Amino acid sequence: MLQLDNISKTFGTRPALDGVSFSVRDGRMTGFVGGNGAGKTTTMRILLGVLESDAGNIQLDGKPLDAEQRRHFGYMPEERGLYPKMKVREQLVYLARLHGYTQAAAGRNADSLLEELGLGERRDSTLESLSLGNQQRAQIAASLVHDPAVLVLDEPFSGLDPLAVDTVVEVLKQRAAGGAAVLFSSHQLEIVERLCDDLVIIAEGSIRAAGEREALRAQHSAPRYTIVTSGDLGWLRDEPGISVLEFDGGHATFDAAEASASQRVLRRAVAEGDVTSFAPQRASLAQIFREVI
Amino acid sequence: MNSATAGRPSPRFSQSVALVAEREITTRLRSKSFLITTGILLLLVLGGVIAGGIFSKSISTTTVATVGSLSSELSNVPGVEVTTVEDRTEAEALVSEETVDAAVLPSEKGAVSPVLIIANSEAPSLLVQWLSVSPEVILLDPENQSSPLSYIAALGFGIIFFISGMTFGPMIAQSVVEEKQTRIVEILMSAVPVSALMAGKVIGNSLLAFAQIIAIAALAVVGLSVTGQAEVLSLLGAPLLWFVGFFIIGFVLLAALFAGVGAMVSRQEDLGSAMTPVTMLIMLPYFAIIFFNDNATVLTVMSYIPFSAPVGMPMRLFLGTAEWWEPLISLVLLLVTTGLAVLLGARIYNNSLLKVGSRVSWSEAIKG
């Protein structure tokens, strides 16, 4: 587990990070969400040791993170970059060797990754000859080629078409399932919502919310329910402890003051007709995001 | 933490450096422009050697027709090929049909000179010089003598250092900027220490430059001995070895500075102006050696200034004006300066590598 504790960073006089603390757990995908300039990239650069923090510390499995451990991290920087004139496979092999792989092992890793990411046929093309989407895939391959135990990906999905997003999501999920701790940032909240197990929301350099996705959603959801029945729900307005938000014949959305009130509604609805749907309405990530920042 | 990386050690510093250097070298060796430049440089050296051979041959053999009484004496003149004839008529015939360059005959009684030269349109100067009675000459400042050969040697050392510096220096800077511009530097920095990155670049490109300079030196040596210019070789041999030694250290000095300067800009377009101060350090000794290769004072100063020592000291050794200990002192000075330049370059490199946008100022780059 990667644990950030009270990280602060100031650029000149502008505070970029102010007491940032959160953790990235092994085997889980942690989504890192925040607006432009909120501090995501700075946090990630500090994690990788590319930038130094002014204060605070980072621990990996309870021990202070050092340069040696960082060498095993996989990193995809916000600013994309590989050697434009170098062949894709060659770059991957080079990067893996920089991380300590032998030529042969690096080659094997590069080949299987390129297959996985659908770049197998372009392995001997120079990077600059690839389409932007394929360059992006190559970039992701570059962060994975040394089998990192910790993955830090800055906006890994930007610039990918929906099919490519699916491919990359699949690859990242596999890595997490294999035990890697994955931290990724994204502007695309739907993808984060679909993909992440844990969520960290940052705004203006400080963490506004952090925790398991479902717990956060429950925490930020009003006790709101949607019900669909075959009968008329006109009686709902007169139920004590219930306030109706939307109503249209057999379809209604309401807030319940307490859980027992919602159960009472469900029992009466079943008694009066067929209930086709009864569901708590959870706050979407976008809603939570707007609420906390 | 998990099995994926457990037990796999990070590569040692030296391994990282070697990997970076290896990539630099293979990338260069695949670049057409690099191969073409090297080819042209080698051809220039070869051409120079061959031209020198032809030049020295053409002055060295003057064919002379003479009569029996003079032939034994003339045979001792270096560069003269003697044909013995019976009398003046026969000698004149050989000259006019251009079988020989000139005829040398005993002069008629009462003449100032004991011999007479007969030639077609111009008397061979070598012959005239040899047979003239020259007054005794005392040189008060013998170091200031200049000969075409010393000029050619000066030009040779100067041009080779200049071309190598101007080829490989900016190449290092460009390769640093490329990594900065494409932002791969962030990935590299997360994989290897920054110092390994810079060391690899400097070493990789320096090795290429050394290989090139050694190839040039070898070509010059082989060429000179094949074309029968062993005399030039014996004059040039030791200075050439010193030149290679000075070059190797002097080049690392330049390479470190170029790497630092490269890190200061974010785009190739800005590189030219940022490199100017360092390119001046290459240009100045080049022009100085061309204009002042016959000025002993300037040469002595040049041979101790680290930036011009790789050109200045071999030149003085070639002219034979340097004591045996002088190149050693100059070499130590160069080594110390190179050490400092590597530290300075590394500092600038470290401080500037992640700063994107406009050019990093010198004070910012050095102070951090």
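Quick notes
- For the range A:83-108, the candidate set comprises residues that are touching a helix residue (DSSP H, G or I) at 6+ places or on another chain (Cβ under 7 Å), of a type in the set (D, E, K, R) and under 18 Å from B:Glu24 (Cβ atoms); within that set, the residue that is farthest from the other protein chains (Cβ to nearest Cβ) is A:Lys85.
- Conditions (1) over 20 Å from A:Phe184 (Cα atoms); (2) surrounded by fewer than 16 Cβ atoms within 10 Å (Cβ to Cβ); (3) modelled with pLDDT under 90; (4) within 14 Å of another protein chain (Cβ to nearest Cβ); number of the one not met by A:Thr13: (4)
- Selection from the range B:297-307 of residues that are among the hydrophobic types (A, V, I, L, M, F, W, C) and either outside any helix (DSSP H, G or I) or surrounded by 17 or more Cβ atoms within 10 Å (Cβ to Cβ) (or both): B:Leu299, B:Met302, B:Ile305, B:Phe307
- Within the range B:117-135, residues that are assigned to a helix (DSSP H, G or I) reach partners that are crowded, with 16+ Cβ neighbours inside 10 Å and at pLDDT below 75 with beta carbons closer than 7 Å, at six or more positions or on different chains, in the pairs B:Trp130/B:Val77.
- Checked across the range A:23-42, the condition of being over 14 Å from A:Ser186 (Cα atoms), part of a strand (DSSP E or B), more than 9 Å from every other protein chain (Cβ to nearest Cβ) and among the small types (Gly, Ala, Ser) holds for at least one residue.
- Taking residues in the range A:264-280 that are in contact (Cβ under 8 Å) with a residue 24 or more places away in the chain, and partners anywhere that are surrounded by 14 or more Cβ atoms within 10 Å (Cβ to Cβ) and of a type in the set (S, T, N, Q), the pairs with Cβ atoms closer than 6 Å and at least 6 places apart or on different chains are A:Ala269/A:Thr229; A:Gly273/A:Thr229; A:Val275/A:Thr229; A:Ala279/A:Thr226.
- Pick from the range A:109-123, criterion assigned to a loop (DSSP other than H, G, I, E, B) and farther than 10 Å from A:Ala141 by Cα, ranking: nearest to the other protein chains (Cβ to nearest Cβ): A:Arg123
- Restricting attention to the range A:254-293, the residues that are over 30 Å from A:Ser206 (Cβ atoms) and of a type in the set (Val, Ile, Thr) add up to 4.
- Candidate set from the range A:45-75 (those that are among the hydrophobic types (A, V, I, L, M, F, W, C) and at the interface with another protein chain (Cβ under 8 Å from one of its Cβ atoms)); member that is surrounded by the fewest Cβ atoms within 10 Å (Cβ to Cβ): A:Ala67
- Taking first residues from the range B:297-312 that are on the phi > 0 side of the Ramachandran plot and partners that are of a type in the set (S, T, N, Q) and modelled with pLDDT of 90 or more, no Cβ contact under 7 Å between residues at least 6 apart in sequence or on separate chains turns up.
- The sole residue among A:Ile191, A:Ile140 that is assigned to a helix (DSSP H, G or I), farther than 15 Å from A:Leu114 by Cβ and more than 11 Å from chain B (Cβ to nearest Cβ) is A:Ile191.
The values are calculated or read from the model by the stated rules, or taken from the named source; none is laboratory data. A quick note: this is a predicted structure, and the numbers were derived from the prediction, not measured. Counting neighbours? That spans all protein chains shown, and the Cβs are built from the backbone with ideal geometry, glycine included.
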